[in-house]
Amino acid sequence: LSDNQWHTLILAVSGQSFSLTVDCSIPKDVVVETPFPAALSVRRANFYLGNRRRRKGMFTGLLRQLVLLPGADATPQICHALNFKVATLSVPTVLQDVPAKPASNEVLKYPYETDTKVTLGSRPRCTKQDKAQFWFNASRRGLYLCNGSTWVSMLEVKRRLDYVEEYQNLVTNSETMGIEVFTIPKVGLFAATANRITPPGSAIYKWTDGKFMPYQNIPTYQAQSWKYFTIGKKIFLAVANFEQNERGQELSVIYKWSRRKAKFIIYQRITTYSARDWEAFVIEGETFLAVVNHREGNNHNIDSVIYRWNPRTGLFETNQTIPTSGAYDWEFFTIGPYSFLAVANTFNGTSTKIYSHIYIWLSGSFQLFQSILTFGAADWEVFRIGDRVFLAVANSHSYDSGMPAPSNFYAINSSIYELNITAQMFVKFQDLLTYSALDWEFFSVGDDSFLVVANSFDGFTFSVNSIIYRWQGYEGFVVAHHLPTVGCRDWEAFHTTEGSYLLYSSAKEPLSKVLKLKTT
């Protein structure tokens, strides 16, 4: 509203109109041209405020007070022109301050107007002192509001994946079997690589100036994977060791973050058998840690173990054992109030054509929920698109000692299953041709959903394209991008203020790669 202008606000209720004429230059007594009747029904009524008359454009301005009290006269509670006092009824705190008196004949400025500003450039801090401030992110073309601790998106142009470019060659200690990307609050973004050779063992890298830089080396024994998790304020990182240490012990290790030393230190050792994977999860307020035992000697049909955190001793203790066959991976997920744990069984000693299982938590333990036929299953990935729940399995190869050999053991379909609520089970949704697939990773860019598969070997070479699939609704997942990889073992998606990235590990060369997702 411009200065020294009279404007009329028209309130229309149930077809009856009442107008309030106000002077927008300074507060004035409100002139009620038509008084409200003693009784007025507002059932199914529409309220209309504002009249620009013949002026073009939308009605703009600040309605400082609007008090509607059924069966009461609100006139005594509105602002008075003589003393500028603000009625307290339904008035936000920021509006209760008296406006500063202008030095000249200019529009009155209120505190919330004079203090509000829009910051441009790189991501600024967001603290209690910066609350209600705006930041415009030019790279994402988004407007954000500080809520006192984090930046909340108010308006953002939805990004779309255009192409993928090589961003960083990450030289590793040796071939990398798995990667875990995680963030330690107030410290930074990290990536832990599970490296094959000991020494020098595995490494932790920290994201510094837009790149992963070496941060800490940890002795490991043909490490297969890392798992980051927290218990209250405690921060842990567990490694799955595949081989024995110098003393002939097969131990996987849980490390704890030391805030004083700013590094991970040994916290607990657990006996494992050719461990492939750890999975951490919480059920009914209790923390669990599940290890996949791949084999003991030449016996692939052994128990994998679920450990429960004992808050009294501060240690993980055995809670449940589950029979597995050459297992590679655990995947925990929840659907409504129910908790599930899926195991990827790979080899039973004679065949890779075996059942992998999904377990459901009932009465204090995991019980069999569903069995799915898989072919050398190496990974499960659960993801959601809207209200739909999917579970993708990475099938690595087809082998059966009692059957004729196929033309290619490694060119095999990996499958995506969808939860059917009516049938209360996962049903096959889509098959995708893969080449010794070892991992799936789900990620999103804007409103679009993607799956990237780690193709590791096509029967002839380890230099195989891994594929990004785009979700196309009724069509399912369709090929979007071909990514050249060498012995690809694991994918991790992560985000920073500079953009979105994919990190892949190679099980055949001491080099992992960070790829940047270029968006439009």
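The values are calculated or read from the model by the stated rules, or taken from the named source; none is laboratory data. Bear in mind the structure is a predicted one, so any value in this text is a computation, not a measurement. When we count neighbours, we look across all protein chains shown, and the Cβ atoms used for this are built from the backbone with ideal geometry, even at glycine. Only protein heavy atoms, including side chains, enter the accessible area calculation; ligands, DNA and RNA are left aside. Shrake-Rupley method; radii C 1.70, N 1.55, O 1.52, S 1.80 Å.
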What do you reckon, is R308 of a type in the set (K, R), under 27 Å from T350 (Cβ atoms) and more than 21 Å from the chain's Cα centre (by Cα)? no
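Yes/no matrix, rows are residues, columns are (1) within 16 Å of A507 (Cα to Cα); (2) among the basic types (K, R); (3) in contact with a strand residue (DSSP E or B) (Cβ under 7 Å, 6 or more places away or on another chain):
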site	(1), (2), (3)
N137	no, no, yes
L143	no, no, yes
V152	no, no, yes
V164	no, no, yes
T172	yes, no, yes
A192	yes, no, yes
N195	yes, no, yes
K206	no, yes, yes
G210	no, no, no
By residue number, the members of segment 491-517 that are within 14 Å of the chain's Cα centre (by Cα) and under 24 Å from W135 (Cα atoms) are F494, H495, T496, S500, Y501
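Conditions tested, residue by residue: (1) outside the structural domain of N345 (by the TED database); (2) in contact (Cβ under 8 Å) with a residue 12 or more places away in the chain; (3) within 21 Å of T346 (Cα to Cα); (4) surrounded by fewer than 22 Cβ atoms within 10 Å (Cβ to Cβ).
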| position | (1), (2), (3), (4) |
| --- | --- |
| H397 | no, yes, yes, no |
| N413 | no, yes, yes, yes |
| N420 | no, no, no, yes |
| Q430 | no, yes, yes, yes |
Could you list, in sequence order, the residues of segment 356-388 that are of a type in the set (S, T, Y) and either assigned to a strand (DSSP E or B) or touching a helix residue (DSSP H, G or I) at 6+ places or on another chain (Cβ under 8 Å) (or both)? S356, Y359, S365, S371, T374
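Of the residues in segment 275-299, how many are assigned to a strand (DSSP E or B) and either surrounded by fewer than 24 Cβ atoms within 10 Å (Cβ to Cβ) or under 22 Å from the mean Cα position of the chain (by Cα) (or both)?
First, pick out the residues of segment 275-299 that are assigned to a strand (DSSP E or B): 275-283, 286-293, 296, 299.
Checking the rest, the ones that are also either surrounded by fewer than 24 Cβ atoms within 10 Å (Cβ to Cβ) or under 22 Å from the mean Cα position of the chain (by Cα) (or both) come to 277-283, 286-290, 296, 299.
Going through segment 275-299 one residue at a time, the tally reaches 14.
K428 - would you say it is more than 24 Å from the chain's Cα centre (by Cα), within 16 Å of L391 (Cα to Cα) and modelled with pLDDT of 95 or more?
yes
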Selected residue (criterion: surrounded by the fewest Cβ atoms within 10 Å (Cβ to Cβ)) from residues of segment 445-454 that are farther than 16 Å from I179 by Cα and touching a strand residue (DSSP E or B) at 6+ places or on another chain (Cβ under 7 Å): D448
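For the condition in contact with a strand residue (DSSP E or B) (Cβ under 8 Å, 6 or more places away or on another chain) and modelled with pLDDT under 95, what is the one hit in Q216, Q249, Q224, Q268? Please lay out each step first, then the result.
Values: Q216 fails: modelled with pLDDT under 95; Q224 fails: modelled with pLDDT under 95; Q268 fails: modelled with pLDDT under 95.
The match here is Q249.
Every residue in segment 229-274 that is outside any strand (DSSP E or B) and either without any contact (Cβ under 8 Å) to a residue 24 or more places away in the chain or not assigned by the TED database to the domain that holds G188 (or both), please. Before you say what the answer is, go through the steps one by one.
First, pick out the residues of segment 229-274 that are outside any strand (DSSP E or B): 232-233, 242-250, 259-262, 272-274.
If the condition is that a residue be outside any strand (DSSP E or B) and either without any contact (Cβ under 8 Å) to a residue 24 or more places away in the chain or not assigned by the TED database to the domain that holds G188 (or both), then G232, K233, Q244, E246, R247, G248, Q249, R259, R260, K261 are the ones that fit.
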Top-ranked residue in segment 317-340 [being of a type in the set (F, W, Y) and assigned to a strand (DSSP E or B); ranked as surrounded by the fewest Cβ atoms within 10 Å (Cβ to Cβ)]: Y338
Filter segment 186-209 for residues that are surrounded by fewer than 19 Cβ atoms within 10 Å (Cβ to Cβ) and of a type in the set (A, V, I, L, M, F, W, C); which is farthest from F229 (Cα to Cα)? I197
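Matching residues to (1) more than 25 Å from G210 (Cα to Cα); (2) open to solvent by 50 Å² or more (accessible area, probe 1.4 Å):
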site: F460; (1), (2): yes, yes
site: E492; (1), (2): no, no
site: S512; (1), (2): no, no
site: T519; (1), (2): no, yes
Of all residues in segment 494-510 being modelled with pLDDT of 95 or more and part of a loop (DSSP other than H, G, I, E, B), the one that is surrounded by the fewest Cβ atoms within 10 Å (Cβ to Cβ): E509
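Just to check your reading of the model, which residue among V389, V393, V343 is more than 25 Å from R295 (Cβ to Cβ) and in contact with an Asp or Glu (Cβ under 9 Å, 6 or more places away or on another chain)? First the steps, then the outcome.
Working: V393 fails: more than 25 Å from R295 (Cβ to Cβ); V343 fails: more than 25 Å from R295 (Cβ to Cβ).
The match here is V389.
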Considering only residues that are part of a strand (DSSP E or B), touching a residue at least 60 places away in the same chain (Cβ under 8 Å) and under 26 Å from W226 (Cα atoms), which ones fall in segment 442-490? F442, V445, S449, F450, L451, A454, I468, L483, R489, D490
Just one of the numbered conditions (1) surrounded by fewer than 15 Cβ atoms within 10 Å (Cβ to Cβ); (2) in contact with a Lys or Arg (Cβ under 8 Å, 6 or more places away or on another chain) is not true of F212; which one? (1)
Can you list the strands (runs of 3 or more DSSP E) lying wholly within segment 74-185 that have 3 or more residues being open to solvent by 50 Å² or more (accessible area, probe 1.4 Å) and either at pLDDT 90 or above or not basic (K, R) (or both)? 151-156, 161-171
Which of the residues belonging to segment 243-274 are over 19 Å from I184 (Cα atoms) and open to solvent by less than 70 Å² (accessible area, probe 1.4 Å)? N245, G248, E250, L251, S252, V253, Q268, I270, T272, S274
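Okay, residues lined up against (1) under 24 Å from I416 (Cβ atoms); (2) of a type in the set (A, V, I, L, M); (3) without any contact (Cβ under 8 Å) to a residue 60 or more places away in the chain:
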| residue | (1), (2), (3) |
| --- | --- |
| F316 | no, no, no |
| F340 | yes, no, yes |
| T346 | yes, no, yes |
| I360 | yes, yes, yes |
